[in-house]
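Here's the structure, in structure tokens; my notes come after.
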Amino acid sequence: MALRSLSKRANTLLGRGLVALGCVVAALCLALMGYARTGAVGAGHTWDGAGPAYLTSAVRGGTHTCAVTPDSGEERTVDVPSWPNRGPHVDGRRLDPWFSGPAQVACTDDVTFTHGWVVRVYPLVEQWLALLAGIVLALVGLDRLGLFRHTSRYP
């Protein structure tokens, strides 16, 4: 009897832990998706060149072109994929600095310009795999807690 009680307690702790971990992973992924849309929106931006930058379209449809003109270095033109017609999918273009000092970014349409530490984790957000993993972990935890077990009230 004591062994059964210990097994049930371990199962409950495992279920709660999986639910908590899944919720943290999913919340972190959703927060990063939201952060991808909070950068400066406009057709012109200033990039300090201290780290990578990420350009996402703020307009649906078509490909958008941006010209990056550094104060010291060669000018480059990059294409930024448009925001998909459906869903909140984040798809954009990551740029690593090839110059030193600041640069002007001029685009044909409005784009969201983000730079800093969060740019390094954007590929994880683009794949939706982290969000799916968090949801699956939470569902497995809920199953361990007995949420999906069918018990009939009727004999």
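Some values worked out for this structure:
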item: Pairs with Cβ under 8 Å, 6+ apart, first in region 43-59 and under 13 Å from residue 114 (Cβ atoms) and in contact (Cβ under 8 Å) with a residue 60 or more places away in the chain, second part of a strand (DSSP E or B) and among the charged types (D, E, K, R); result: 52/94; 53/94; 54/93; 54/94
item: Looking only at region 20-70, and only at residues there that are under 30 Å from residue 137 (Cβ atoms) and among the β-branched types (Val, Ile, Thr), the one that is surrounded by the fewest Cβ atoms within 10 Å (Cβ to Cβ); result: 38
item: Neighbours by Cβ (under 8 Å, 6+ apart or cross-chain): first from region 65-83, without any contact (Cβ under 8 Å) to a residue 24 or more places away in the chain; second part of a loop (DSSP other than H, G, I, E, B); result: 76/98; 79/63
item: Pairs where the first residue, in region 95-109, is farther than 12 Å from residue 69 by Cβ and the second is part of a loop (DSSP other than H, G, I, E, B) and aliphatic (A, V, I, L, M), C-beta under 9 Å, 6+ apart; result: 97/50; 109/58; 109/59
item: Within region 23-124, strands (runs of 3 or more DSSP E) holding 1 or more residues that are modelled with pLDDT under 85; result: 40-47, 53-57, 64-70, 92-95, 103-115
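The values are calculated or read from the model by the stated rules, or taken from the named source; none is laboratory data. Since the structure is predicted, the reported quantities are computational estimates derived from the model, not experimental observations. Note that each Cβ is placed from the backbone with ideal geometry, even for glycine, and that neighbours are counted across all protein chains shown.
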